[in-house]
Amino acid sequence: MNGTTGSLDRIEQQIDIDASAERVWELVSTAGWWINDDRVVEHRIEEQGSRVVVHDEKWGAFTLGIESLDAPRYAAFRWFSAPPAAAEPDPASDALTSTLVEFWVEDRDGGVVLRVAESGFEGLDRSAEERRKMFDENTEGWAIELGFARDHLANETVAGLPADLPAVR
């Protein structure tokens, strides 16, 4: 796993996962799969136009925008740190209240490399101190969540569960 790009605007990390691209895709294409405490859990997801609200029992509700889903290689979401200004996407106002979370699934011998990038911290309508805190917390959080993804997918394989089970939603 890696850390950051050197700026306070973009976090990049990656992890090797011993699972097929299709199985990893089922997980990473699920909005908010990374909102967890100690493992990947199922969430209630409420659709609101082109956005979704992910409800987590511990952490509460999070609004996400689905930017792009290109199976089984790339998924991108807007992760709002404040309620969106409009019900539908508005690039100008969305950039003030959200970061862009991107996932890439790349083949390697024995499985895949899952890469994540979260960017847009410097454009958030927050104080420099708040942006730095979010950046630092999310840098640590992505390392943890990628490990949860690896463990979740490995546990399914070890348990002998079929690879085509629906993703945790």
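The values are calculated or read from the model by the stated rules, or taken from the named source; none is laboratory data. Since the structure is predicted, the reported quantities are computational estimates derived from the model, not experimental observations. Please note: Cβ atoms are built from the backbone with ideal geometry, for glycine as well, and neighbour counts cover all protein chains shown. What goes into the accessible areas is simple: the full protein's heavy atoms, side chains included, and nothing from ligands, DNA or RNA. Shrake-Rupley method; radii C 1.70, N 1.55, O 1.52, S 1.80 Å.
Couple of notes before you dig in:
- Our summary gives the range 38-158 a relative contact order of 17 percent, counting only alpha carbon pairs under 8 angstrom and 6 or more residues apart.
- The amide H of E67, built 1.01 Å from its N in the peptide plane, has A76, F77, R78 as neighbours under 5 Å, considering only residues 5 or more places off or on other chains.
- Residue-count net charge about R78 - beta-carbon cut-off 9 Å; Lys, Arg +1, Asp, Glu -1: -1
- Segment S50-A86, length gained on full extension (0.36 nm per residue, minus Cα span): 11.9 nm
- Acute angle (nearest 10 degrees) that the helix 128-158 long axis makes with the longest principal axis of the chain, alpha-carbon atoms: 20
- Amide hydrogen neighbours beyond the local backbone of A19, cut-off 5 Å, H modeled: V112
- Share of carbon and sulfur in the accessible heavy-atom surface of the range 11-53 [1.4 Å probe, %]: 37
- Segments 139-145, 44-50 sorted - mean Cβ within 10 Å per residue, highest first: 139-145, 44-50
- Rounded to 0.05, the FRET efficiency of the D18 and I66 pair, given R0 = 25 Å and the Cβ-Cβ distance, is 0.35.
- In the chain, the DSSP-assigned H stretches of four residues or longer account for a calculated mean residue ellipticity at 222 nm of -9000 deg cm²/dmol, using -39500 (n - 2.57) per stretch and the full residue count as denominator.
- Based on protein heavy atoms only, the range 62-111 ends up with 48 Å² per residue of surface accessible to a 1.4 Å probe.
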